[in-house]
Amino acid sequence: QVQLVESGGGLVQPGGSLRLSCAASGSVFSIYAMGWYRQAPGKQRELVAAIRTGGRTNYADGVKGRFTISRDNAKNRVYLQMNSLKPEDTAVYYCNMGGSGVNYWGQGTQVTVSS
């Protein structure tokens, strides 16, 4: 069983930055893709960014150029650096480990962008 624990959320003003971190338990972190998703009130959960085991990344159109996903396999961690934050980025952000037969989620961390 894998546990994912997110941290780093909070309240930030528009234009500000936050760095989310997700710590994974277990020894399988390096062999699975990792992703960050978000869910705003009244909306469906959506993919924000993902990173494959080899480091290939993909981003939702609305965050390209502002967000950067990275991973540290030695520390079993994945990060999401969020810059130039906008009010529409407000959501609960979830860490995900996915792959063949695997789909784990963290408990989520709240990000609120407001003046």
Quick check on segment 1-15: of everything there that is surrounded by 14 or more Cβ atoms within 10 Å (Cβ to Cβ) and farther than 19 Å from Ala49 by Cα, which residue is modelled with the lowest pLDDT? Val2
Filter segment 58-71 for residues that are open to solvent by 60 Å² or more (accessible area, probe 1.4 Å) and under 14 Å from Arg19 (Cβ atoms) and give the result. Thr68
Residues of segment 20-41 that turn out to be surrounded by 14 or more Cβ atoms within 10 Å (Cβ to Cβ) and closer than 14 Å to Val78 by Cα, as a count: 13
Here the residues within segment 72-98 that are open to solvent by 40 Å² or more (accessible area, probe 1.4 Å), touching a residue at least 40 places away in the same chain (Cβ under 8 Å) and in a strand (DSSP E or B) are Arg77, Gln81
So Val78 clears everything in (1) over 16 Å from Val111 (Cα atoms); (2) over 13 Å from the mean Cα position of the chain (by Cα) except one condition, right? Which one? (2)
Can you report the number of residues in segment 42-57 which are farther than 13 Å from Gly108 by Cβ and either assigned to a loop (DSSP other than H, G, I, E, B) or open to solvent by 70 Å² or more (accessible area, probe 1.4 Å) (or both)? 9
Segment 27-43 residues that are in contact (Cβ under 8 Å) with a residue 40 or more places away in the chain and within 16 Å of Gly9 (Cα to Cα), paired with ones that are open to solvent by 40 Å² or more (accessible area, probe 1.4 Å) and aromatic (Phe, Trp, Tyr) (beta carbon under 9 Å, 6 or more apart): Tyr37/Trp105
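The values are calculated or read from the model by the stated rules, or taken from the named source; none is laboratory data. Because the structure is predicted, anything quoted here is derived from the model rather than measured. Note: ideal-geometry Cβ built from the backbone for every residue, glycine included; neighbour counts use all protein chains shown. Heads up: the accessible areas ignore ligands, DNA and RNA and are worked out on the full protein's heavy atoms, side chains in. Shrake-Rupley method; radii C 1.70, N 1.55, O 1.52, S 1.80 Å.
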